[in-house]
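As structure tokens, the structure follows; a few thoughts come after it.
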Protein chains: 2
Amino acid sequence: MFNDFLPMPDRPVYIQVKDYMKRLMIKGALQPHQKLPSTRELGELLQVSRNTVIAAYAALEEDGFTYTQQGKGSFVAATSVMSAEPSWRIGWQERLSDQALQAEELDLMKHGIRSQKGTISFTSIAPDEKLFDLGNVKRAFLDRMAMEGHVLLNYGYAKGYKPLMDYLLHYMEHKGVDLTGKDILITNGFTEGFDIVLSALGKRSGRVLCENPTHNTAIKNLRLHGFDITGIPMEQDGVNLQELERALAEQRFDCAYLVPSYHNPTGIVMSVQKRLELVRLMGEYRVPIIEDGFNEELRYTASHVSPLIAAAGSGNGVIYIGSFSKVLFPGLRVGWVLADAELVGYLESIKRARTIHTSTLDQSTLYQYIHNGNLEKYLRRARAEYKRKYELTLRCCREHIPYAELTGHGGLHLFVVFAQGFDTRRLLERCQLQGVIFTPGDIFYTDGGGRHTMRIGFSRVADEEIELGIRVIGEQARVLLQEQG
Amino acid sequence: MFNDFLPMPDRPVYIQVKDYMKRLMIKGALQPHQKLPSTRELGELLQVSRNTVIAAYAALEEDGFTYTQQGKGSFVAATSVMSAEPSWRIGWQERLSDQALQAEELDLMKHGIRSQKGTISFTSIAPDEKLFDLGNVKRAFLDRMAMEGHVLLNYGYAKGYKPLMDYLLHYMEHKGVDLTGKDILITNGFTEGFDIVLSALGKRSGRVLCENPTHNTAIKNLRLHGFDITGIPMEQDGVNLQELERALAEQRFDCAYLVPSYHNPTGIVMSVQKRLELVRLMGEYRVPIIEDGFNEELRYTASHVSPLIAAAGSGNGVIYIGSFSKVLFPGLRVGWVLADAELVGYLESIKRARTIHTSTLDQSTLYQYIHNGNLEKYLRRARAEYKRKYELTLRCCREHIPYAELTGHGGLHLFVVFAQGFDTRRLLERCQLQGVIFTPGDIFYTDGGGRHTMRIGFSRVADEEIELGIRVIGEQARVLLQEQG
């Protein structure tokens, strides 16, 4: 005993001695009412100073693991270890809800494509962390902590951190949104916002409209909430309105989930005319819109386009969900829901029941970072960098990939459509052997289609790897096409 | 126009000019294709440097709000503002789910007791922020950012931040838990953990057992998940096992929610013997336990008591949910679920679908703070301070309040039981007029009972206010008792 104590360098040694002794008690190596070695003895045995042992013994007693007898020393307390019996087992499989089983089944992080070390991966559309300006983030954190650190570390409000809420309201107003009768809720990124909104929506028809293809996480969450999904085909300038109107005329829908800017996965930006027409149409059929703001900040060309919620003017039928996680830092889990004030009141209560409130550190750091003027600077750098990668990827695709159609006006990815009958899952198998992976398009389809499509995310791929990777994909695609004859 | 520009001191002026101009375009004061003032003109009008205006105009063009004509200057872009019509309205009331309506109805932050400025409030059991050691938190943040800032700001893992997970596993092992076959999930505090676990539980009987009274937020979430609640009365040493066994023998239950240490609201710590007997009993009836670790760190006296999950030994029937938010910083939204590894796999997928992952800043800052040895130091200070307040409050209650029963072995609150028939809601009305509020006990009861009880939270009340406030409550209680004769 006492010969296997290996302290790590950067943690107080007395705590490590305390934990070491606790362990011996829990393992039963030290029995209740057994006397501990004197502080001097243990110090020698563990090769630490006597004062360290004294501090450790004091801490053990404070934690109730030992007691002292005047002049006799320290002893192991009786209740410090509890009889480990009885033990009994539950068969959890039979105890799970459908939601749990389905969430696991639809969990792409568990069943999706794995990327080994060294593979060139086009599967991610997360930002490139090399762009992160850590100095400004630290600065923002320290500024805010200095101003109101005690407030930041205690409970906040479910609705959000006030300065950030106010900033985002102005921010949305500058996108052309009429704020009258609207309110905002801060959430743990887009995903929580979407989940809460879906929870708040009563199921009347149980049906939801969306673009086909669309954001696969959205498809997952719509399914987990038990909605039937009707996908409307995409065109070059956004969702096909004729198809949309036909669907609206045929059936009733509880809402529509739409991604008008840099649509995931096609990267298409809906035209202004289409946005207005779309909003008019949904209004006519009284179907609310959940608008996914996604990374509409990542515009490289053309002029500003207002979101659908702006096109809806003073109407309250559009629920806008925004997030900076693709644009700024995904590690800061901050998103927001801008919608009808009455509705937001209910969303707030659901949020409170789910997570009390969003991390105040995240909210306040993000707020101060932006307030200090870093968002504009960062966006300028990020846009320039992503635009370069975007154009490089575009060029490589045009040069190497035998596609039928290629879309993507910006953002962090391109969408490749091959001739019908082509199978990107088989293409992926081939490419994986060559150390290149991408996202097969079928996961974005609501109707099992899209086997002949794929998404290429370039945000985190180095230039030379983009060139190399796309060439490999092109070569393998040609081989496959020839085999199909 | 241009005469109402009022820049704030600590935000880059060019951004404020940009926003100001955007606003004029959105309000229609500046029309599409209208020429903007020259940079010199605007600089004079707004009383800012010309370079500031040049930067602002550049930013406006980047955002797509303006365009430049060679030698002619800047013009408002056509699409920068979108026709605010058509506008249409949704009657959200009829569109809401029962969950949304119920969440709002059960939301005590909206329908609970409001505390005006100057009131002495015993309603909170949040920590006293005066205890927060901001310096160590800043230090922890900077240490971690220096080590892996880029990693912290990009996407993390749904399961949690690895170093924190590893630490917590050891931490739980030191509470006597057998980790074999178990795994951990980091959540946004206790509440998200509880919500996810309830979502994962399939409804077989749709019934849940818990102590009566119990944590009101738990009651709310159980109801929101559609469970029928069977409350088992409390005794001085924890839940009444005879009553529990009777209930188990009569009906089937999907699980039991229990708070064995510093039970909320009674502050009772379940005895070791009872813990063992309880676990045996639940095992016999195969009913899983959701154990609320709550603030079991806030022990002021007596020796360490292992949690139920330790008493279950190698069994997998106990789901432990822990959190430091009452002990350390509620603003850091970090809790954890320790349970059967297979079950945690499913919880992880639900977590991913709900919030992707918990704030990495919160997790890494908390980890580094603890790793640096601050938890022990902080707990020593916090325990000493809360113990003092605890004993003061206890003394005042004994001296002033005509209670029938008084419980609370530690933690941040005491529970007062008056004679049957006494109405603490009426007492609250009287006290409120005297500027003193507390939490009426009925909100903690599963069966509408507890009208004659109240919870007194002292963690955030100054000593002199504790003395004054408790005296007021006592006086008013006496008056009420006399009136009742």
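The values are calculated or read from the model by the stated rules, or taken from the named source; none is laboratory data. Just so it is clear, the structure is predicted and the values come from calculations on it, not from any experiment. Cβ sites come from the backbone with ideal geometry, for glycine too, and all protein chains shown count toward neighbours. Remember, those area values only see protein heavy atoms, side chains included, never the ligands or the DNA or RNA. Shrake-Rupley method; radii C 1.70, N 1.55, O 1.52, S 1.80 Å.
Residues that are modelled with pLDDT of 95 or more and hydroxyl-bearing (Ser, Thr, Tyr): list the helices (runs of 4 or more DSSP H) wholly contained in region A:123-236 that include at least 2 such residues.
Because the criterion is at least 2 residues that are modelled with pLDDT of 95 or more and hydroxyl-bearing (Ser, Thr, Tyr), the helices (runs of 4 or more DSSP H) in region A:123-236 that meet it are A:189-200.
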Inset, instruction - Looking at (1) buried (at least 19 other Cβ atoms within 10 Å of the Cβ); (2) more than 10 Å from chain B (Cβ to nearest Cβ); (3) in contact (Cβ under 8 Å) with a residue 24 or more places away in the chain, find the lone condition where A:Met1 falls short. - result: (1)
Legend entry - The lone exception for B:Ile120 - which of (1) at the interface with chain A (Cβ under 9 Å from one of its Cβ atoms); (2) modelled with pLDDT of 95 or more it fails: (1)
Legend entry - Candidate set: region B:138-157, residues that are open to solvent by less than 40 Å² (accessible area, probe 1.4 Å) and at the interface with chain A (Cβ under 7 Å from one of its Cβ atoms); chosen: the one nearest to B:Leu185 (Cα to Cα): B:Gly156
Inset, instruction - Spot the failing condition for A:Glu173; the list is (1) within 9 Å of chain B (Cβ to nearest Cβ); (2) without any contact (Cβ under 8 Å) to a residue 40 or more places away in the chain; (3) over 30 Å from B:Gly28 (Cβ atoms), and only one is missed. - result: (3)
Legend entry - Answer residue from region A:310-337, given it is within 14 Å of A:Gly193 (Cβ to Cβ) and of a type in the set (Gly, Ala, Ser) and is farthest from the other protein chains (Cβ to nearest Cβ) among those: A:Gly322
Inset, instruction - Filter region A:98-109 down to the residues that are more than 7 Å from chain B (Cβ to nearest Cβ) and part of a helix (DSSP H, G or I), then identify the one that is modelled with the lowest pLDDT. - result: A:Leu108
Legend entry - Criterion (in contact with a Gly (Cβ under 7 Å, 6 or more places away or on another chain), closer than 28 Å to A:Ala103 by Cβ and either open to solvent by 20 Å² or more (accessible area, probe 1.4 Å) or more than 10 Å from chain A (Cβ to nearest Cβ) (or both)) met by exactly one of B:Arg89, B:Arg95: B:Arg95
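Residues of region A:426-485 being over 25 Å from A:Pro213 (Cα atoms) and of a type in the set (A, V, I, L, M), which ones?
Result: A:Leu433, A:Ala462, A:Leu468, A:Val472, A:Val479.
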Legend entry - Extreme residue, nearest to the chain's Cα centre (by Cα), among residues of region A:283-295 that are open to solvent by 10 Å² or more (accessible area, probe 1.4 Å) and farther than 27 Å from A:Leu379 by Cβ: A:Arg286
Legend entry - Tally of residues being within 14 Å of another protein chain (Cβ to nearest Cβ), surrounded by fewer than 18 Cβ atoms within 10 Å (Cβ to Cβ) and touching a residue at least 12 places away in the same chain (Cβ under 8 Å) across region A:377-403: 3
Inset, instruction - For region A:345-363, state whether one or more residues are among the hydrophobic types (A, V, I, L, M, F, W, C), buried (at least 24 other Cβ atoms within 10 Å of the Cβ) and more than 10 Å from chain B (Cβ to nearest Cβ). - result: no
Legend entry - Count of region B:22-44 residues which are aliphatic (A, V, I, L, M) and free of Cβ contacts under 8 Å to residues at least 24 places away in the same chain: 1
Legend entry - Flag if B:Arg280 is facing another protein chain (nearest Cβ under 10 Å), touching an Asp or Glu at 6+ places or on another chain (Cβ under 6 Å) and open to solvent by 10 Å² or more (accessible area, probe 1.4 Å): no
Legend entry - Residue list for region A:249-268, restricted to those being within 14 Å of another protein chain (Cβ to nearest Cβ), open to solvent by less than 30 Å² (accessible area, probe 1.4 Å) and either more than 19 Å from the chain's Cα centre (by Cα) or more than 20 Å from A:Tyr300 (Cβ to Cβ) (or both): A:Phe253, A:Asp254, A:Cys255, A:Ala256, A:Pro260
Inset, instruction - Within region A:296-303, identify whether any single residue is touching an Asp or Glu at 6+ places or on another chain (Cβ under 9 Å), hydroxyl-bearing (Ser, Thr, Tyr) and either in a strand (DSSP E or B) or closer than 11 Å to A:Lys182 by Cβ (or both), and answer yes or no. - result: no
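Yes or no, residue by residue, for (1) open to solvent by 60 Å² or more (accessible area, probe 1.4 Å); (2) at pLDDT 90 or above:
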| position | (1), (2) |
| --- | --- |
| A:Met8 | yes, no |
| A:Arg11 | no, yes |
| A:Lys18 | no, yes |
| A:Arg23 | yes, no |
| A:Gln69 | yes, yes |
| A:Val81 | no, no |
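Kindly indicate the residue of region B:29-73 that is among the small types (Gly, Ala, Ser) and within 12 Å of chain A (Cβ to nearest Cβ) and also farthest from A:Gly373 (Cα to Cα) among those meeting that condition.
B:Gly64
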Inset, instruction - Considering only region A:364-376, state which residues are free of Cβ contacts under 8 Å to residues at least 24 places away in the same chain and open to solvent by 10 Å² or more (accessible area, probe 1.4 Å). - result: A:Glu376
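The rows are residues; the columns are (1) on the phi > 0 side of the Ramachandran plot; (2) out of contact with any Lys or Arg (no Cβ under 7 Å at 6 or more places or on another chain).
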site	(1), (2)
A:Glu41	no, yes
A:Thr52	no, yes
A:Gly71	yes, yes
A:Phe75	no, no
A:Arg114	no, yes
Inset, instruction - Would you please list the contacts, defined by Cβ atoms under 9 Å and residues six or more apart or on different chains, that run from a residue in region B:436-448 that is within 9 Å of B:Arg425 (Cα to Cα) to a residue that is open to solvent by 20 Å² or more (accessible area, probe 1.4 Å) and among the acidic types (Asp, Glu)? - result: B:Pro440/B:Asp423
Legend entry - Index of the failed condition, B:Leu248 passing every other in (1) farther than 30 Å from B:His452 by Cα; (2) modelled with pLDDT of 95 or more: (1)
Legend entry - Checklist (1) outside any helix (DSSP H, G or I); (2) open to solvent by 10 Å² or more (accessible area, probe 1.4 Å); (3) not small (Gly, Ala, Ser) applied to B:Phe329, failing item: (2)
